[in-house]
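Structure first, commentary second.
Taken together, the values in this text are just the output of simple stated rules run on the coordinates, not laboratory data. Worth saying up front: this structure is predicted, and the values here are computed from it rather than measured. Counting neighbours? That spans all protein chains shown, and the Cβs are built from the backbone with ideal geometry, glycine included.
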């Protein structure tokens with residue numbers, strides 16, 4: 001998205017509102033973008049009520065409770081956390097809070113496999129993570145960066 005497109009989207013949402021069924025009209029104000037593109041861009045990036053940045057302990061606790069009540073129902077879970085989207089909740093869970101995350105030290109064999117998979121997939125961290133049980137893409141990226149600094 002360009003800054004100009006973002007501005008057009010902001011103006012269109014100001015005109016039509018974001019709690020409406022008028023996303024087709026909104027999209028007509030942003031050439032080359034569909035109503036789905038516009039809706040997602042608004043609710044996941046531009047909406048001023050969207051909370052970005054560090055998660056609080058309270059948010060983490062609400063997220064844990066949400067996952068217990070509504071497993072993998074990220075929209076319902078996000079409804080429990082004001083200003084957080086379903087994507088933010090899923091990412092926070094999968095990369096930080098999920099108890100199945102392997103937090104043990106990386107083994108030399110894992111480091112070797114990580115370097116090999118990086119050669120094969122470049123920075124496609126989610127793809128690389130599939131080769132490591134309990135190691136999310138973010139953890140793979142962070143480990144790779146640490147290994148690069150050590151070289």
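Odds and ends about this structure:
- Rg in Å to one decimal, and Dmax rounded to a whole Å, for segment 1-62 via C-alpha atoms: 13.6, 41
- For the chain, radius of gyration divided by Kirkwood radius, i.e. Rg to Rh on alpha-carbons: 1.08
- Residue 122-residue 72 FRET efficiency (beta carbon distance; Förster radius 25 Å; 0.05 resolution): 0.30
- Residue-span extension gain [residue 6 to residue 82] - 0.36 nm each, minus C-alpha spacing: 25.1 nm
- The simple spin-label model puts a point 7 Å past each Cα toward its Cβ; for residue 57 and residue 138 those points are separated by 1.9 nm.
- Tensor-based shape of segment 57-97 (alpha-carbon gyration tensor, a/c under 1.5 rounded, otherwise prolate or oblate): rounded
- Relative contact order for segment 1-106, counting Cα pairs under 8 Å that sit 6 or more residues apart, in percent: 17
- Förster-model FRET efficiency, 30 Å R0, residue 148 and residue 100, C-beta, rounded to 0.05: 0.65
- In the chain, helical runs assigned H by DSSP with n ≥ 4 each contribute -39500 (n - 2.57); averaged across all residues and rounded to the nearest 500, the mean residue ellipticity at 222 nm is -16500 deg cm²/dmol.
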